[in-house]
Amino acid sequence: MTDDVLLRVRDVKTQFFTSRGVSSVLNGLDFELRRGEMLGLIGETGSGKSVAARSIINAVEPPGRIVAGKVLFAGRDLLRMPEPALREIRGRDIALIVGDPRRHLNPLTTVGEQVANVLLAHHPLIGKREAFNRAVEMLRDAGLQDAEARARSYPHQLSGGMAQRVLIAMALIGAPTIVLSDDATSSLDVTIQRQVLDIMKALIQKQNSAAIIITHDLGVVAHYCERVALMYAGRIVEEAPVRTFFANPVHPYAVSLLASVRTHAEPSAGPSLAGVRANPLRLPSGCPLHPSCPLAVPSCAAEAPELVAIASDHFVRCPVAAGGRIRVGAA
Amino acid sequence: MTVVYYTLKRLLMLGPQLLAISLVTFFLIRLIPGNPAAVIAGPLATPETLAGIEARLGLDKPITTQYVIFLQNSLHGDFGTSWYTSQPVLQDLLVRAPATLELITWSLLLAALIGIPLGLASALRPHSFLSRATHAYGLLGGAFPDFFFALLFIYVLFFKLNLLPAPMGRLPANAVAPPHVTGFYLFDSAVNGDWATFRAAALQLIMPVGTLAFVAAGAIVKMTNATVRDVLDARFMAHCRALGMTSPQIARYALRNSLSPVVTVIANTYSYALGGAVLIETVFAWGGMGQYAVQSVLQADYAPLQAFVLFVAAFNLLIYLAVDLIYLLIDPRVSY
């Protein structure tokens, strides 16, 4: 069982030291990633999903800083690793795919070179020509048509969808053990999105690796992921196998979120927690949801709840809901 | 092919551009107070003498006629005669332009060679000692006038340590200028195999070139540093780090993406220095363009002033054409 675990994220806290104060974006991130699985990491904008991806590879840019926690990979803690060793792991063992390709590609370098350069960073002996050839192959695998010619074009000459595949090729060319996909497919149209996710899924099965799919698209999670983790205010509030999560959500926030997705045309009856944002500059005490939660009891304001196992593979950060297994909200 | 077409178009544009500049210059110069005839004749001249001189210079003709004559002569390569040096202006310029160009070309090359690596290195390691030293240098280079450093160099290197020859022009008094090929002494003497003159000319160049480069590099360092920092902050550079790219790869991207503004600063400084290095030229008795222009203004010497402005304008237009072509090489998004 433990051999299956590729990545252990333990109580990671990341803060941003801005002029307006300390913004606590990750407040104790805990989860595990197993071999061969795709884990869906979902949550509303601002819940800390992207920062989670960057924290895992210890690549949070200033003014952000990881202030606590562990990220255990291959027996080592990435948060306490010297920069040169980290550099080798990034892009080779754990690779990040991001959305918004316009801003994540170098405008002055051909896309083929940019893909090849990632490979050369980790395998300098391959040589430029061979690296470029492999980049072309990878671009083709990522679904870029006419890859030989496109590899010689610059980012501004490609459409958003094509540029997105370049970012995907940059991440996958090192054949990483773990792929972190941060909202990487939402800019693509549906058929291409499918195609790209299928490629990732095939790669993961072939190499017995794993992926974390960060997305707003619950459909993608339902189709591709084995497990799902829902974030709120920088912590996971519920983690479960995909079927269980969609069929039987327990945390009041998860219940409310799924209800709002299902009935998005009509306003849901009763108070909804979906869309209630926590301000990371001034998080409420205890459970960050307690000011607007219909289940709140006095103790919710006093102490931050722990993640409670209500089944062997189902965890909920709400003692009230977990205790009674009560279902709330519009269902 | 489009590049060739674009270049030809820009070169063809030079004609009308220079014509417009000559028109403006011609009339503006005549607004400078001072009558050249009076300057030539001296304070004790009679009105008859003055009128005689004016007639000889053509100053009695209507000003439009004067302009037409000036244009006709210029087209035949005759820019008139300097009233002050009594030499044909073209001949004066052929001596002075290479003097200044040799000085400022070496200066800017050296400044780029110092400024770009320093700016890049200090931006890549923003908290290092090198970065702080570079910052201090950028401030120092910008805070003092260039002739201050010139005098400082002369005091230390010539007067105190006697490492370099006296700052008295392009060659020591006992040396003879190499046969004229380009007017650039280093080039001309090297072509001739005259290594003694080459060495003498090089030694004379060290202090003025060092001074100009020291000042110009300050601006280049600052610009390189600021642009590289901006580039390093860009999302795509953060993404490169997130994918484990090596420091040399990051540095290469950073430099390449910062090049356009840096080239602009170098080109601006270069074209400014053509006339603007006058203080350095004066301190080192260089006999360059800047000195020639200032002297012409003071003596109400119309012909050299007109020729100087036209020459500087043509030079600047060519520099800007070169800069635009360099942008084309650097940035694939640029098209003309």
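Numbers below:
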| item | result |
| --- | --- |
| Considering residues of segment A:100-110 that are within 7 Å of another protein chain (Cβ to nearest Cβ) and in contact (Cβ under 8 Å) with a residue 60 or more places away in the chain only, the residue nearest to the chain's Cα centre (by Cα) | A:H104 |
| Which listed residue is within 12 Å of chain B (Cβ to nearest Cβ) and β-branched (V, I, T), from A:I192, A:I178, A:I173, A:I199 | A:I173 |
| Condition check for A:R165: under 25 Å from A:A52 (Cα atoms) and of a type in the set (K, R) | yes |
| Residues of segment B:247-293 satisfying the condition of being of a type in the set (F, W, Y) and closer than 19 Å to B:N225 by Cβ | B:Y253 |
| Filter result (free of Cβ contacts under 8 Å to residues at least 24 places away in the same chain, under 15 Å from A:P252 (Cβ atoms) and part of a strand (DSSP E or B)) within segment A:298-314 | A:V308 |
| Residue match in segment B:197-205 (condition: of a type outside the set (D, E, K, R) and either within 17 Å of the chain's Cα centre (by Cα) or within 14 Å of chain A (Cβ to nearest Cβ) (or both)) | yes |
| Top-ranked residue of segment A:262-291 - restricted to ones that are out of contact with any helix residue (DSSP H, G or I) (no Cβ under 8 Å at 6 or more places or on another chain) and among the polar types (S, T, N, Q), ranked as modelled with the lowest pLDDT | A:T263 |
| Where A:I97 falls short, out of the listed (1) more than 11 Å from chain B (Cβ to nearest Cβ); (2) of a type in the set (A, V, I, L, M, F, W, C); (3) closer than 23 Å to B:S247 by Cα | (1) |
| Selection from segment A:14-24 of residues that are in contact (Cβ under 8 Å) with a residue 60 or more places away in the chain and either surrounded by 21 or more Cβ atoms within 10 Å (Cβ to Cβ) or acidic (D, E) (or both) | A:T14, A:S24 |
| Residue ID - farthest from B:Q249 (Cα to Cα), chosen from residues in segment A:54-89 that are away from chain B (no Cβ under 12 Å) and without any contact (Cβ under 8 Å) to a residue 12 or more places away in the chain | A:G75 |
| Residues being modelled with pLDDT of 90 or more, of a type in the set (A, V, I, L, M) and surrounded by fewer than 24 Cβ atoms within 10 Å (Cβ to Cβ) - total across segment A:234-261 | 2 |
| Elements of type helices (runs of 4 or more DSSP H) in segment B:17-134, at least 1 residues being touching a residue at least 60 places away in the same chain (Cβ under 8 Å) | B:36-41, B:63-75, B:89-124 |
| Search result, residues across segment A:152-168 that are assigned to a helix (DSSP H, G or I), in contact (Cβ under 8 Å) with a residue 40 or more places away in the chain and within 14 Å of chain B (Cβ to nearest Cβ) | A:P155, A:H156, A:A163, A:Q164, A:V166, A:L167, A:I168 |
| Condition check for B:V283: out of contact with any strand residue (DSSP E or B) (no Cβ under 7 Å at 6 or more places or on another chain), more than 14 Å from chain A (Cβ to nearest Cβ) and hydrophobic (A, V, I, L, M, F, W, C) | yes |
| Residue match in segment A:136-151 (condition: within 30 Å of A:V71 (Cα to Cα) and outside any loop (DSSP other than H, G, I, E, B)) | yes |
| Subset of segment B:223-243 [within 7 Å of chain A (Cβ to nearest Cβ) and among the small types (G, A, S)] | B:A238, B:A242 |
| Pairs, first within 7 Å of chain A (Cβ to nearest Cβ) and closer than 18 Å to A:P107 by Cα in segment B:244-255, second of a type in the set (K, R) and not in a helix (DSSP H, G or I), C-beta under 9 Å, six or more apart | B:M245/A:R90 |
| Any hit, segment B:296-313, residues being farther than 30 Å from B:P165 by Cβ and charged (D, E, K, R) | yes |
| Entirely in segment A:25-101, the strands (runs of 3 or more DSSP E) that have 2 or more residues that are over 13 Å from A:A211 (Cα atoms) and open to solvent by 20 Å² or more (accessible area, probe 1.4 Å) | A:64-73 |
| Segment B:295-320, residues that are surrounded by fewer than 23 Cβ atoms within 10 Å (Cβ to Cβ) and under 22 Å from B:A177 (Cβ atoms) | B:Q295, B:F311 |
| Only listed residue being at positive phi, in contact (Cβ under 8 Å) with a residue 60 or more places away in the chain and open to solvent by less than 50 Å² (accessible area, probe 1.4 Å), chosen from B:G183, B:G218, B:G193 | B:G183 |
| Filtered residues of segment A:118-143 (kept if within 7 Å of another protein chain (Cβ to nearest Cβ) and open to solvent by 20 Å² or more (accessible area, probe 1.4 Å)) | A:H122 |
| Any hit, segment B:197-208, residues being free of Cβ contacts under 8 Å to residues at least 40 places away in the same chain, open to solvent by 60 Å² or more (accessible area, probe 1.4 Å) and hydrophobic (A, V, I, L, M, F, W, C) | yes |
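Okay, residues lined up against (1) open to solvent by 40 Å² or more (accessible area, probe 1.4 Å); (2) under 24 Å from the mean Cα position of the chain (by Cα):
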| residue | (1), (2) |
| --- | --- |
| B:R241 | yes, no |
| B:T246 | no, no |
| B:Q249 | no, no |
| B:A293 | no, yes |
| B:A322 | yes, yes |
| B:D331 | no, no |
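The values are calculated or read from the model by the stated rules, or taken from the named source; none is laboratory data. Predicted, not measured: the structure shown is a model, and the values here were computed from it. Note that each Cβ is placed from the backbone with ideal geometry, even for glycine, and that neighbours are counted across all protein chains shown. To get the accessible areas, we keep the full protein, side chains included, count just its heavy atoms, and leave off ligands, DNA and RNA. Shrake-Rupley method; radii C 1.70, N 1.55, O 1.52, S 1.80 Å.
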